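The values are calculated or read from the model by the stated rules, or taken from the named source; none is laboratory data. Note that this is a predicted model, so its numbers are computed, not measured. Here the Cβ positions follow ideal geometry from the backbone for every residue, glycine too, while neighbour counts run over all protein chains shown.
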Amino acid sequence: MLIKEAIASSWSRRGTLAFIVLTIALSVALLIGVEKVREEVRASFDRSIAGTDLIVGARGGELQLLLYSVFHIGQATRNISWDSYQKIAANRYVEWAEPISLGDSHRGYRVVGAAPSFFEHIRIGRDTALGFSQGAPYKDLYDVVLGAEVAKVLGYQLGEQIVLSHGMGKKSFSDHKDKPFRIVGILAGTGTPVDRSLFVSNEAITAIHVGWEAGVPIAGMQQSAEEVRKLSLTPKDVTAVLVGVKSKLGTFHLQRQINSYRKEPLQAILPGAALQQLWELLRNVESALLIVSACVVVAGLIGMLAVLLTSLSARRRELAIFRAVGARPWHIVFMLVLESALVSLVGALLGLLAAVLGLYLLSPVLEDMGLYLESYYPSWEYLTLLLMIVAAGGLTGIWPGLQAYRLSAADGLSSR
């Protein structure tokens, strides 16, 4: 009977409660949306690199090495000699080693020098290989492969020619105009820094800098693209080396050998540990997002409390009739608590649907920002969160219930 009365009473005030339901729905949708995006941002960090056991670079900070080798942010303090790379690759613990060269760009996007085998060895996410949406890896010296975001934002297609620039920046005064590159491949979207990069061979990086010194071309030293093909283009140095080892035990032996290498100061870091360290620095941002979304939910519940308290004056006669026909005090309290829980439940379910629909509609915008959603649907863990919101909504009705209990039956039935 109390359930029927609670539903009937809520329905009679559906106009007023509709705004409360809408407020709770929006707050729940925001909470779930923010949580989902936060999870995907964390997953995007974890997806950035997989299957790589060590990252080798010049000795310095671990985070700095991770940022420029994986996220292509910043610059290395110094490079690694080609001789050191060959010794690392020949080590008995090493299964594969991929040298990368940084320093050039194209319209603000980073150019990465890497061998064609880079696309086979480097993996993302849960050990997923890099895939091509169009074309294939480069074979010619002046071939280039584009990340998904680069191709989409700049509107490039296979077969087009582009010019690389020296250094970073959307506008450069040092372009390699004499050696244009032909687009031969476009990578599938990954939601990682790979999407925002262009890839050429390490030999191509050497080729475009023939006749250059200290970042500028030397007059009279320039050679044409075809003349450069005849030269020895083996790099003198590389920026970093991504390494895969034969066994997990060998990872730590190799790391110790590289860190104690005497011919030049090198360091080898574990990508997973460095990623965790980087995420710890961003934990404050993560906590701030969670606090803001939780405050919105609390604001919605406070709004419902205010409406319930305000409506008590108009419902005094209704509540007094319940008291007059034998309703006990706890019946009144329970009915108001039940009304609050029902309103919270409807708002939470609508908020869940709004969150799923919103993530689906906003997914193209998020992809343009480099954030790929693996799923639009919240996990089962969110069910606990929704139940907590409904329970909190029900508890919100306790205070109005106690206030209603204090109203006397005679006062409620009087003409006042």
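Would you say VAL37 is among the hydrophobic types (A, V, I, L, M, F, W, C) and surrounded by fewer than 20 Cβ atoms within 10 Å (Cβ to Cβ)?
Yes: the conditions hold for VAL37.
If LYS152 satisfies every condition in (1) over 25 Å from THR206 (Cβ atoms); (2) loosely packed, with under 15 Cβ neighbours inside 10 Å but one, which is the exception?
Failed condition: (2).
So, in region 63-83, of the ones that are surrounded by fewer than 19 Cβ atoms within 10 Å (Cβ to Cβ) and over 13 Å from LEU102 (Cβ atoms), which residue ends up farthest from the chain's Cα centre (by Cα)?
Looking at residues that are surrounded by fewer than 19 Cβ atoms within 10 Å (Cβ to Cβ) and over 13 Å from LEU102 (Cβ atoms), I get ASP83.
Can you find a residue in region 311-320 that is assigned to a helix (DSSP H, G or I), of a type in the set (A, V, I, L, M), at pLDDT 75 or above and buried (at least 17 other Cβ atoms within 10 Å of the Cβ)? If you could, list the steps in order and put the result at the bottom.
We begin by selecting, within region 311-320, every residue assigned to a helix (DSSP H, G or I); these are 311, 316-320.
Within this subset, residues satisfying the condition of being of a type in the set (A, V, I, L, M) are 319-320.
Adding the requirement that they be at pLDDT 75 or above leaves none.
Looking through region 311-320, none of the residues is assigned to a helix (DSSP H, G or I), of a type in the set (A, V, I, L, M), at pLDDT 75 or above and buried (at least 17 other Cβ atoms within 10 Å of the Cβ).
Quick check on region 89-109: of everything there that is in contact with a Pro (Cβ under 9 Å, 6 or more places away or on another chain) and crowded, with 21+ Cβ neighbours inside 10 Å, which residue is nearest to HIS176 (Cα to Cα)?
Filtering first and then ranking leaves SER101.
Only residues that are surrounded by 15 or more Cβ atoms within 10 Å (Cβ to Cβ) and at pLDDT 90 or above: list them for region 243-258, please.
Scanning region 243-258 gives VAL243, GLY244, VAL245, LYS246, THR251, PHE252, LEU254, GLN255, GLN257, ILE258.
Of the residues that sit in region 118-138 and are assigned to a strand (DSSP E or B) and over 23 Å from the mean Cα position of the chain (by Cα), which one is surrounded by the fewest Cβ atoms within 10 Å (Cβ to Cβ)?
Out of the qualifying residues, it is GLN134.
Looking at (1) within 15 Å of ARG110 (Cα to Cα); (2) at pLDDT 95 or above, which one does ILE183 not meet, given that it meets all the others?
(1)
For GLY303, indicate whether it is modelled with pLDDT under 90, closer than 30 Å to ASN202 by Cα and assigned to a helix (DSSP H, G or I).
no
Does GLY57 fit the bill of being over 30 Å from LEU349 (Cα atoms) and without any contact (Cβ under 8 Å) to a residue 24 or more places away in the chain?
no
Looking at region 278-289 only, could you name the residues that are of a type outside the set (Asp, Glu) and loosely packed, with under 14 Cβ neighbours inside 10 Å?
LEU281, LEU282, ARG283, ASN284, VAL285, SER287, ALA288
Quick check on LEU198: is it farther than 12 Å from ALA151 by Cα and at pLDDT 90 or above?
no
Every residue in region 90-115 that is closer than 16 Å to PHE199 by Cβ, among the hydrophobic types (A, V, I, L, M, F, W, C) and in a strand (DSSP E or B), please.
Within region 90-115, ILE100, LEU102, VAL111, VAL112 qualify.
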